[in-house]
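Quick notes on the structure that follows.
The values are calculated or read from the model by the stated rules, or taken from the named source; none is laboratory data. Keep in mind the model is a prediction, meaning the values are calculated, not measured. Note: ideal-geometry Cβ built from the backbone for every residue, glycine included; neighbour counts use all protein chains shown. Surface areas here come from the heavy atoms of the whole protein model, side chains and all, with no ligands, DNA or RNA. Shrake-Rupley method; radii C 1.70, N 1.55, O 1.52, S 1.80 Å.
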Amino acid sequence: MKILKLLTFFLALALIGNAQSVPDVTVKTLNGESVRVLDFAENGKPTVISFWATWCTPCKKELDAIADLYPDWVEEYDVEMVAITIDDARQLAKVKPMVATKGWEYIVLSDANKEMMRSLNFQTIPQTYLLDKQGNIVYTHSGYAPGDEYELEEHIAEVAGQEAT
């Protein structure tokens, strides 16, 4: 029994020690201003970072599905959503009009040079990360299927110390 407790303790320490945090990368607002992604990660709130592109149908479906729930998430869990487009400079002109048309109330940023994408080492979008209040990545999800937003909400509720509604 003592060995089992000891193993559990060391496993927990290993997991805590391996918590991945968001890299300190600078991206752009849709107005061209430089911002550090780390500033959003270290905001003391559960934070969802979703990578997407205007040409990615599953990305738009995911962001639309989250948009329906987002006002409730803000109220219930004090969560912040940051949608980072990986559209290149040529496609970037489509982003602002699309966000306006969709009515997404998220912070929308651009990683046109894909530096953040390379730093986090992923290849496919949509790619979603949930950060705890200290900015550690506690959940990640690739792709989108209807209902994934409810699984994300369960993880947000855990980070916020509440139960999903």
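For Lys114, all conditions in the list (1) over 24 Å from Asn31 (Cβ atoms); (2) surrounded by fewer than 18 Cβ atoms within 10 Å (Cβ to Cβ); (3) touching a residue at least 12 places away in the same chain (Cβ under 8 Å) hold save one; what is the number of the exception?
Evaluating Lys114 over (1) over 24 Å from Asn31 (Cβ atoms); (2) surrounded by fewer than 18 Cβ atoms within 10 Å (Cβ to Cβ); (3) touching a residue at least 12 places away in the same chain (Cβ under 8 Å) leaves (1) as the failure.
Can you tell me which residue in the stretch 129-143 is farthest from Val35 (Cα to Cα), limited to those that are of a type in the set (Gly, Ala, Ser) and surrounded by fewer than 16 Cβ atoms within 10 Å (Cβ to Cβ)? Explain how you work it out, then say what you get.
Going through the stretch 129-143, the residues of a type in the set (Gly, Ala, Ser) turn out to be 135, 142-143.
This time we only want the ones that are surrounded by fewer than 16 Cβ atoms within 10 Å (Cβ to Cβ), so: 142-143.
Values: Ser142: 25, Gly143: 26 Å.
Residue satisfying both the conditions and the ranking: Gly143.
Mind telling me which of the residues Pro97, Pro146, Pro126 ends up being open to solvent by 50 Å² or more (accessible area, probe 1.4 Å) and touching a residue at least 24 places away in the same chain (Cβ under 8 Å)? Write out each step before concluding.
Numbers: Pro97 fails: touching a residue at least 24 places away in the same chain (Cβ under 8 Å); Pro126 fails: open to solvent by 50 Å² or more (accessible area, probe 1.4 Å).
Of the residues listed, the single one that is open to solvent by 50 Å² or more (accessible area, probe 1.4 Å) and touching a residue at least 24 places away in the same chain (Cβ under 8 Å) is Pro146.
Of the residues Ala41, Ala53, which single one is in contact (Cβ under 8 Å) with a residue 60 or more places away in the chain, closer than 25 Å to Gln162 by Cα and not charged (D, E, K, R)?
Ala41
For the stretch 70-94, enumerate the residues that are aliphatic (A, V, I, L, M), surrounded by 20 or more Cβ atoms within 10 Å (Cβ to Cβ) and more than 13 Å from Phe51 (Cα to Cα).
Val79 - this is the single residue of the stretch 70-94 that is aliphatic (A, V, I, L, M), surrounded by 20 or more Cβ atoms within 10 Å (Cβ to Cβ) and more than 13 Å from Phe51 (Cα to Cα).
Restricting attention to the stretch 10-28, report how many residues are at pLDDT 90 or above and open to solvent by less than 40 Å² (accessible area, probe 1.4 Å).
Residues that pass the stated criteria total 2.
Looking only at the stretch 29-75, how many residues end up being at negative phi, part of a loop (DSSP other than H, G, I, E, B) and either of a type in the set (D, E, K, R) or at pLDDT below 95 (or both)?
Of the residues in the stretch 29-75, 6 are at negative phi, part of a loop (DSSP other than H, G, I, E, B) and either of a type in the set (D, E, K, R) or at pLDDT below 95 (or both).
Among Val159, Val108, which is the only one that is touching a strand residue (DSSP E or B) at 6+ places or on another chain (Cβ under 8 Å) and either open to solvent by 50 Å² or more (accessible area, probe 1.4 Å) or closer than 19 Å to Cys59 by Cβ (or both)?
From the options Val159, Val108, the qualifying one is Val108.
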